[in-house]
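See below for the structure under consideration.
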Amino acid sequence: MDRFYTTLDVVDYLGKHDFGVYGMIMKNRGKLSDQMQLEIGSLAMHESLFYKSLKRNILLTVWRDSKVLHLVSNIGDDSIGITQRRIKKSESYTREEVPCPNTVKTYSQTSRGVDLLDQMIGYYNANIRLKKWYKSIILHLLQVSLYNSFLLYNNASRTKINFINFQENIIRELLAPTRIAKTVLFTPQKKLQKVEPIIMEPIPGLCKLVKQFKRYCYICEKTGTVRRQTTYYCSTHEKSVCVIPCYDIHIRNMHI
């Protein structure tokens, strides 16, 4: 079970309905006493502690590896096995056998689904801090969809690839049409001379343009184009209008 969902109440409820659970739990959800926190804080590397609930069929396993792991289960025991870990000695790493609780080994061997998804997305996280909260959700959902498609591809394909190569292939395929379009649109051309825009003079008796503070052009709003702000204002019809090209439309369509 993923640590985001693991609580003592959930593990107890699932145990009463004959569901076996192994799950990492956040430290603040373990309801640790002051004495338990002192004992956990004094753990040496690869040492472990076991706490059994008196009222519930829940076992809390604490094991110090690179960090302290808190794991709860309703089917585990306090037996200790052997696992291999990479140990740094001088300037190189070597694999050595170290003691490890069997509950932790079972969890590592059976963790799938959400745990593996969060792990893989965390390696290549595309999410960034954005002002709009819903954009972060959209990015996360895109990454989840990308990882699901990666699993389907590896299941259906004879040649297996890793997640980062799969993402790079997707990006190349998505950018291929853009590269072709850029080649067509941005072919080398002679440098164009800058031409000053021709501004139409107001027609006497029809419109009188004056300058004011910025407002949105009413023509742009009605035609559905990009909303532009303008400092020009038709005092005759009391409407803000862009000089180019909306003023020409304005004088020909007074009914708008």
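The values are calculated or read from the model by the stated rules, or taken from the named source; none is laboratory data. Quick caveat, the model's predicted, so the values are computed rather than measured. A quick note on method: Cβ atoms are made from the backbone with ideal geometry, for glycine too, and the neighbour counts reach across all protein chains shown.
Residues that are modelled with pLDDT of 85 or more, closer than 21 Å to N165 by Cα and among the hydroxyl-bearing types (S, T, Y) within the stretch 112-149 comprise S145, Y147, S149, listed in sequence order.
Among the residues here, M24 does not qualify as outside the structural domain of Q119 (by TED's automatic domain parsing), loosely packed, with under 12 Cβ neighbours inside 10 Å and either touching a Cys at 6+ places or on another chain (Cβ under 9 Å) or in contact (Cβ under 8 Å) with a residue 12 or more places away in the chain (or both).
Counting the residues of the stretch 1-18 that are surrounded by 13 or more Cβ atoms within 10 Å (Cβ to Cβ), more than 13 Å from L59 (Cα to Cα) and either in contact with a Leu (Cβ under 6 Å, 6 or more places away or on another chain) or not β-branched (V, I, T) (or both) gives 5.
Does the stretch 27-46 hold any residues that are part of a loop (DSSP other than H, G, I, E, B) and loosely packed, with under 15 Cβ neighbours inside 10 Å, and which are they?
If we filter the stretch 27-46 for residues that are part of a loop (DSSP other than H, G, I, E, B), which is where we start, we get 30-33, 42-46.
K31, S33, S42, L43, A44, M45 - these are the residues of the stretch 27-46 that are part of a loop (DSSP other than H, G, I, E, B) and loosely packed, with under 15 Cβ neighbours inside 10 Å.
Residues that are farther than 26 Å from Q119 by Cβ and not small (G, A, S) occur in the stretch 56-74; there is at least one.
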